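Data block below; observations after.
The values are calculated or read from the model by the stated rules, or taken from the named source; none is laboratory data. Just so it is clear, the structure is predicted and the values come from calculations on it, not from any experiment. Here Cβ is always computed from backbone atoms with ideal geometry, including for glycine, and neighbour counts include all displayed protein chains. In case anyone asks, the SASA skips ligands and DNA or RNA and just uses the protein heavy atoms, side chains included. Shrake-Rupley method; radii C 1.70, N 1.55, O 1.52, S 1.80 Å.
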Amino acid sequence: MKPKDLKKQKIKNTRINDYEVTLLEIDLIHINYGLGSDHKYRSKKRSSITVNMVSKFFESLDGMEIEAEKDDLFDYFVVDKNFFEQMKRYRMVFCIERSESSTCGVITMFQIKKEKQE
């Protein structure tokens, strides 16, 4: 089930595996607030990622072959990648409904923090 208040963003044609994506549906609230253990959005903001940042990061995946987890309707993807515009490493989780393959749902995106060395 799709969350309410998804931000829709047209993007340049971006190929992921055999999919040609031209529209993103972005859960910006999930991205910037995250989910608590009760599966509801947290009240404290964790980031200030914008629709434009999500779009540019997604477009930078053009041409990638990414292993997907599948269910009956969707292919789910997890990508860890350096985002040179921000000079940081991010993880993006997104899905593509096989029957509506030009649209991608961006579930979350967040900066991967460096692990502390002991």
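Quick notes
Matching residues to (1) modelled with pLDDT under 95; (2) charged (D, E, K, R):
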site: N17; (1), (2): no, no
site: I29; (1), (2): yes, no
site: V51; (1), (2): no, no
site: D72; (1), (2): yes, yes
site: D75; (1), (2): no, yes
site: V79; (1), (2): no, no
site: S99; (1), (2): yes, no
site: F110; (1), (2): yes, no
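- Check on C104, within 14 Å of the chain's Cα centre (by Cα), crowded, with 18+ Cβ neighbours inside 10 Å and farther than 16 Å from K10 by Cβ: no
- Checklist (1) within 12 Å of the chain's Cα centre (by Cα); (2) touching a residue at least 60 places away in the same chain (Cβ under 8 Å) applied to K2, failing item: (1)
- Residue in the range 24-38 that is in contact with a helix residue (DSSP H, G or I) (Cβ under 9 Å, 6 or more places away or on another chain), open to solvent by less than 80 Å² (accessible area, probe 1.4 Å) and either part of a strand (DSSP E or B) or among the basic types (K, R) (or both) present: yes
- Pairs linking a residue in the range 62-77 that is free of Cβ contacts under 8 Å to residues at least 60 places away in the same chain to a residue that is open to solvent by 100 Å² or more (accessible area, probe 1.4 Å) and part of a strand (DSSP E or B), with Cβ atoms under 7 Å and 6 or more positions apart or on different chains, are Y76/E69.
- Among the conditions (1) in contact (Cβ under 8 Å) with a residue 24 or more places away in the chain; (2) open to solvent by 60 Å² or more (accessible area, probe 1.4 Å); (3) more than 14 Å from the chain's Cα centre (by Cα); (4) closer than 19 Å to R98 by Cα, R46 misses just one, which is (4).
- Given (1) closer than 16 Å to I96 by Cβ; (2) open to solvent by less than 50 Å² (accessible area, probe 1.4 Å), index of the condition K8 fails: (2)
- Only a single criterion out of (1) of a type in the set (G, A, S); (2) modelled with pLDDT of 95 or more; (3) surrounded by 13 or more Cβ atoms within 10 Å (Cβ to Cβ) is not satisfied by G63, namely (3).
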